[in-house]
Amino acid sequence: MTSAPDGECLYAIGDIHGRRDLLERLIEEIESDSASLPEGTRVTLVFLGDYIDRGLQSRDVIEFFLGDRLDRFNTVFLMGNHEEAFLKFLEDASFGSQWVRFGGGETLYSYGFQPPNTRGSLGSHDAMAAARDAWTTLWTGFREKLPEAHLDFYRSLKPYYTAGDYMFVHAGLRPEKAMQDQTIRDMLWIRDEFLDDTRQFSHLIVHGHTPAEGIYRDNRRIGLDTGAFLSGKLSAARFFGKDISFLTT
């Protein structure tokens, strides 16, 4: 049987994807739930990554994190593959056309930028050059306008977090590898090799990344990505003592 650290209650929050409205509702539920904990209990919120993309409130989610609403909690922010893509775009303007295909356009809109329409750029050399120029112009303006506090936040994200018998990670782990041999890429991107395996790890793995209709739980992993940006369901798991329970908007 797994347990949380003594005197600490952990809440793990699944993929938000630009839905600040759902995030605020879930935090209200956590505030209400945690009010019933024994006095002196340390309350830690672990966010599992994918705060941005797909939802048009992406910037607003980061603003919420940087505000004072979460000051009463200990907070841990993990990196998701979408935050990794965001940082990659900041380093390479040409990555923008790939990033928008899996939700980056909504993040750009949330920061006040419209992605270039480059669908016709697969034709002539001139069209391709124009598309590159358009992305370079947007990239330059975006980097200038991005608040420094936001950049610091994205760069501060952790690949994983452990507490008690639980390990929190965005996507999962490679089953055949020891912890010291795991790669950050797998932690952010792995799917079937992790999900379909039956081998247990040293910790119960708590993750997001792969959306499902509901929370998934077995004896080796808990999946908390319930597709918030489409389903309206943002989910969290609560770990206190040996108990595990769930909250969903």
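Computed from the coordinates by the stated procedures, all read-outs in this text should not be read as laboratory data. Given the structure is predicted, the values throughout are model-derived calculations rather than measurements. Positions of Cβ are backbone-derived with ideal geometry, glycine not excepted, and every protein chain shown enters the neighbour counts.
Quick notes on this one:
- Treating r as the C-beta distance of D68 and R217 and R0 as 45 Å, the FRET efficiency rounds to 0.85.
- Spatially proximal lysines relative to K242 (Cα-Cα < 27 Å; intrachain offsets below 8 disregarded): K158, K233
- Taking a quarter of the surface of the Cα convex hull of the chain gives a mean projected area of 14.2 nm².
- Label-to-label distance for L151 and Q180 is 3.6 nm, based on points extended 7 Å past Cα in the beta-carbon direction.
- GNM top mover of A127, A236, A93 - the chain, alpha-carbon springs below 10 Å: A127
- Rounded to the nearest Hz, the phi-derived 3J(HN,Hα) couplings of segment 79-88 under the Karplus curve 6.51 cos²θ - 1.76 cosθ + 1.60 (θ = phi - 60°) are 8, x, 5, 6, 5, 4, 5, 4, 5, 5, where x marks glycine and proline.
- Calculated on the alpha-carbon coordinates, the convex hull of segment 93-148 measures out at 71 cubic angstrom per residue.
- Inter-centroid distance (Cα atoms) of segment 126-174 relative to segment 1-69, Å: 20 Å
- Sparsely packed loop sites in segment 23-99 (the chymotrypsin sites (Phe, Trp or Tyr not before Pro) outside DSSP H, G, I, E and B with at most 13 other Cβ atoms within 10 Å) do not occur.
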